[in-house]
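Read the structure below first, then the notes.
The values are calculated or read from the model by the stated rules, or taken from the named source; none is laboratory data. Note that this is a predicted model, so its numbers are computed, not measured. In this analysis, Cβ positions are derived from the backbone assuming ideal geometry, glycine residues included, and neighbour counts consider all displayed protein chains. Quick note on the areas: whole protein, heavy atoms, side chains included, nothing else; ligands and nucleic acids left out. Shrake-Rupley method; radii C 1.70, N 1.55, O 1.52, S 1.80 Å.
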Amino acid sequence: MRETRLSPDNLIYPLFVTYGKNTRKEIKSMPGCYQESVDKIVAHAKEVYSLGIPAVLLFGIPEHKDETGSSAFDPHGVVQKAIRAIKNKIPELFVITDVCMCEYTSHGHCGIIENGDVKNDPTLYLLAKEAVSHAKAGADMVAPSDMMDGRVEAIRISLDEEGFADIPIMSYAAKYSSAFYGPFREAAESTPQFGDRRSYQMDPANRREAIKEVALDIEEGADIVMVKPAMTYLDIISDVKESFDLPVAAYNVSGEYSLVKAAAKLGWIDEKRVMMEVLTSIKRAGADLILTYFAKEAAKILNK
Ligand code: PBG
């Protein structure tokens, strides 16, 4: 009678790649999640795949950050190295990369800054370059998370021109300006040094605008559309599922994870049951894919 069934192959596990060797540093605000150097990431990716989770999403923490985030498209950047290493050892694991500037810029914004403001159009060129460099390193799919207007089209055109017509784009299409990203910014060391992301991310009070944002990304060539965050945006996931015929992904973000971890640590909730309820509700709302830091723990339960 159960209408909604969760499976490990609905899940995508995010990984944070850092520079150096033999490094594995726990992210304080996200217990159980780590910043890891390439050698450690490969072993971790193996564990993820062995649990039946088919895909990982890579974020980079580069050694050097600058105004234009140039290490984002460095062929020897942390993400590029990690892609090559993972695809070499575990070719069956589907490798998705987060395409954004905020992890690579010294100011922590998702685009380039001119006169104190993020400039949309000049950023498109950098994002396209980053996406192509991930594809060249062997990424199976790119996931732009910056929320600049027109970036899906810019990335699609560049990928096609460079011979990567078969690399799909999962766009962070309805991405809200959310306080739930707090712990992630510690994880990716990407807190904006001034201002906030409200000029390019969406107002949490807006529902219909999500449909507009998703429609634009689909028109530009998105293959999978994402809603982010997930737990407090189930109505948006449901709307997007009803309105479009593409696969829908939902990102169960860092703050949503940390809330559960913190309450569990205090003994206030049953962590496993709450985790499964959260993930099931995201799927019930309409998500085909769930990006979640709970992926490994959930897969262990589902595999039993
Ligand atoms: C980069 C990006 C962010 C997240 C995914 N990609 C942070 C942000 O936009 O501030 C958040 C993920 C999470 O909180 O788990 N733009």
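Scanning the stretch 234-268 for residues that are of a type in the set (Ser, Thr, Tyr), within 13 Å of the ligand (Cβ to nearest atom) and in a helix (DSSP H, G or I) gives Ser254, Tyr257, Ser258. Taking the criterion of being within 15 Å of the ligand (Cβ to nearest atom), under 16 Å from the mean Cα position of the chain (by Cα), of a type in the set (Gly, Ala, Ser) and under 16 Å from Pro229 (Cβ atoms), would at least one residue in the stretch 142-149 satisfy it? Yes, some residue in the stretch 142-149 is within 15 Å of the ligand (Cβ to nearest atom), under 16 Å from the mean Cα position of the chain (by Cα), of a type in the set (Gly, Ala, Ser) and under 16 Å from Pro229 (Cβ atoms).
All conditions but one from (1) touching a helix residue (DSSP H, G or I) at 6+ places or on another chain (Cβ under 7 Å); (2) more than 25 Å from Tyr257 (Cα to Cα) apply to Pro183; the one that does not is (2). Selection of strands (runs of 3 or more DSSP E) fully inside the stretch 49-133 by the criterion of at least 1 residues being open to solvent by 20 Å² or more (accessible area, probe 1.4 Å), under 20 Å from Tyr251 (Cα atoms) and not hydroxyl-bearing (Ser, Thr, Tyr) returns 94-99. Pairs linking a residue in the stretch 144-168 that is free of Cβ contacts under 8 Å to residues at least 40 places away in the same chain to a residue that is surrounded by fewer than 19 Cβ atoms within 10 Å (Cβ to Cβ), with Cβ atoms under 6 Å and 6 or more positions apart or on different chains, do not occur. Checked against (1) under 29 Å from Asp160 (Cα atoms); (2) open to solvent by less than 10 Å² (accessible area, probe 1.4 Å); (3) near the ligand (Cβ under 10 Å from one of its atoms), Tyr200 meets all criteria but (2). Only residues that are more than 13 Å from the ligand (Cβ to nearest atom) and open to solvent by 10 Å² or more (accessible area, probe 1.4 Å) were counted in the stretch 153-192, giving 14.
Residues to consider are Leu302, Leu266, Leu291, Leu259; find the one that is in contact (Cβ under 8 Å) with a residue 40 or more places away in the chain and open to solvent by 30 Å² or more (accessible area, probe 1.4 Å).
Among Leu302, Leu266, Leu291, Leu259, only Leu302 is in contact (Cβ under 8 Å) with a residue 40 or more places away in the chain and open to solvent by 30 Å² or more (accessible area, probe 1.4 Å).
Within the stretch 277-288, restricting attention to residues that are more than 26 Å from Ala43 (Cα to Cα) and hydrophobic (A, V, I, L, M, F, W, C), the residue that is surrounded by the most Cβ atoms within 10 Å (Cβ to Cβ) is Ile282.
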